[in-house]
Amino acid sequence: MGAPRIEDVWEAIDAAFTRVHDRHPDALMCRSGCADCCGKVAFLTVAAFEAQIIRRYLAQIDDAERARLVTLASRKEETGCVMLDDDARCSIYPARPLVCRAFGLPYRVLPDLAWPDGKRRLPVVDGVLEAEEQVVDTCFKNFMTVRPNELPAEMVIHQLGLTSLSKSLDAAEPSDVSRERTMLSAVIREALGIETDDAREERSLRDE
Ligand code: SF4
Ligand code: SF4
């Protein structure tokens, strides 16, 4: 079976949000300007196919937007994603990664992947799960009145499903594209031509 069409994947995730919202209209707090999730993912990595989508997106933005994103991406990402702007909005929204699109949905994950402080964690794309050890979790803001573990299966995304989807989409990339996951900030800085401190240091050592 070939790789799914990326548009179909995005539509399927949107449809999952609609399904959950129709059944539990008050359960999802996800909306524009809510960005606690983005503010916690300083070191988000992306798959090869996601990096390509982001590069293509950044190649077609105008000069003013490019200058704005250069300023954003030049910050250190100590606490949150470099693409989160001062209005708590995603600056690459049309090209945001798979995991960002699924933020907020209930998802099935291993219990020992929960944060050590016991708070519920955000979805991630990689990881190996054993069926008997899975739990359903979601953003700490969502499903405050309905227990995620009691939701029917059709309302829950599966971490393994996202992993396998990501791998199929990666497999469809040209063979010369690396399949390694890359830091989102590195993809963005490279595409915007921003030289990092590390790269500057490496260049000065080379030039000596
Ligand atoms: S996942 Fe949580 S923090 Fe992120 S937009 Fe949804 S409710 Fe807000
Ligand atoms: S890419 Fe966008 S949606 Fe994803 S974490 Fe960064 S700001 Fe949030």
By the mean-Cβ-within-10 Å protection proxy, highest first, 51-60, 143-152 rank as 51-60, 143-152
Ranked by Cβ crowding within 10 angstrom, fewest neighbours first, how are M155, M29 ordered? M29, M155
Report the FRET efficiency, 1/(1 + (r/R0)^6), for R19 and D63, where r is their Cβ-Cβ distance and R0 is 35 Å, rounded to 0.05. 0.30
Return R68, R96, R101, R31 ranked ascending by Cβ neighbour count within 10 Å, so the fewest neighbours appear first. R31, R68, R101, R96
Residues whose built amide H sits under 5 Å from the amide H of H158, excluding neighbours closer than 5 in sequence, are R108
Show the residues, 5+ positions off or on another chain, whose built amide H is closer than 5 Å to the amide H of T45. L184
With labels modelled as points extended 7 Å from the Cα through the Cβ direction, what inter-label distance (nm, one decimal) is found for R31 paired with R55? 3.8
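Taken together, the values in this text are just the output of simple stated rules run on the coordinates, not laboratory data. Note that the structure is a prediction, hence the values are computed from the model and not measured. All Cβ positions, glycine included, derive from the backbone under ideal geometry; neighbour counts span all protein chains shown.
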